[in-house]
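Okay, structure first, notes after.
The values are calculated or read from the model by the stated rules, or taken from the named source; none is laboratory data. These numbers were taken from a predicted model, which means no experiment stands behind them. Every residue, glycine among them, receives a Cβ derived from its backbone with ideal geometry; neighbour counts consider all protein chains shown.
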Amino acid sequence: MDTRNKAKQEDPREEPKFGDFWTIESRCDTYYVSAETAVRVGALLERAWRPRWTKFVDLHGRRVWLRTARVESIHESTEAQRSRLRAFVYARNKEERADRRWDDDENW
């Protein structure tokens, strides 16, 4: 392995840090943004005379121009919320597995 590639893989700055963020969902893509960006875009959507376009920079550094009519949702995603969601999905899947019968024909 090339020593540059190995050094890059071991560099802790390259590891993604998720933390708390907001998500802007559009018809074409999902953008992960800071709370400040989400508030600013949300304020544009609430205006009586909404601008046709919004522009922002997401957490990955992408410069985005997005039609405001294409924004489908803006929502918060904290570490605690994602942890509770994972626990909920795990418990639901465990319950569904317990309800299955060995001769259940639905899986075929």
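Brief remarks follow.
Per-residue answers, yes or no, for (1) among the aliphatic types (A, V, I, L, M); (2) touching a His at 6+ places or on another chain (Cβ under 8 Å); (3) modelled with pLDDT under 95:
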site: THR54; (1), (2), (3): no, no, no
site: ILE74; (1), (2), (3): yes, no, no
site: GLU79; (1), (2), (3): no, no, yes
site: SER83; (1), (2), (3): no, no, yes
site: ASN93; (1), (2), (3): no, no, yes
site: GLU96; (1), (2), (3): no, no, yes
site: ASP99; (1), (2), (3): no, no, yes
site: ASP103; (1), (2), (3): no, no, yes
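- Comparison of ALA38, ALA98 shows that the only residue that is loosely packed, with under 13 Cβ neighbours inside 10 Å and free of Cβ contacts under 8 Å to residues at least 40 places away in the same chain is ALA98.
- A count restricted to region 68-92 and to residues that are within 26 Å of GLY19 (Cβ to Cβ) and either in contact with a Pro (Cβ under 9 Å, 6 or more places away or on another chain) or among the polar types (S, T, N, Q) (or both) stands at 5.
- Subset tally (residues that are surrounded by 13 or more Cβ atoms within 10 Å (Cβ to Cβ) and among the small types (Gly, Ala, Ser)) for region 24-35: 2
- If the condition is being among the basic types (Lys, Arg) and touching a strand residue (DSSP E or B) at 6+ places or on another chain (Cβ under 9 Å), then region 13-66 contributes ARG27, ARG40, ARG52, LYS55, ARG62, ARG63.
- If you go through region 60-90 and keep only what is free of Cβ contacts under 8 Å to residues at least 12 places away in the same chain and not in a helix (DSSP H, G or I), you end up with GLY61, ARG63.
- Residues satisfying the stated conditions in region 26-57, i.e. part of a loop (DSSP other than H, G, I, E, B) and either within 18 Å of GLU79 (Cα to Cα) or aromatic (Phe, Trp, Tyr) (or both): SER34, TRP49
- Residue within region 7-14 that is modelled with pLDDT of 95 or more and in contact with a helix residue (DSSP H, G or I) (Cβ under 8 Å, 6 or more places away or on another chain) present: no
The rows are residues; the columns are (1) under 18 Å from the mean Cα position of the chain (by Cα); (2) exposed (fewer than 11 other Cβ atoms within 10 Å of the Cβ).
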position: ARG50; (1), (2): no, no
position: TRP53; (1), (2): no, no
position: VAL57; (1), (2): yes, no
position: ARG63; (1), (2): yes, yes
position: THR68; (1), (2): no, no
position: GLU76; (1), (2): yes, no
position: ARG82; (1), (2): yes, no
position: ARG86; (1), (2): yes, yes
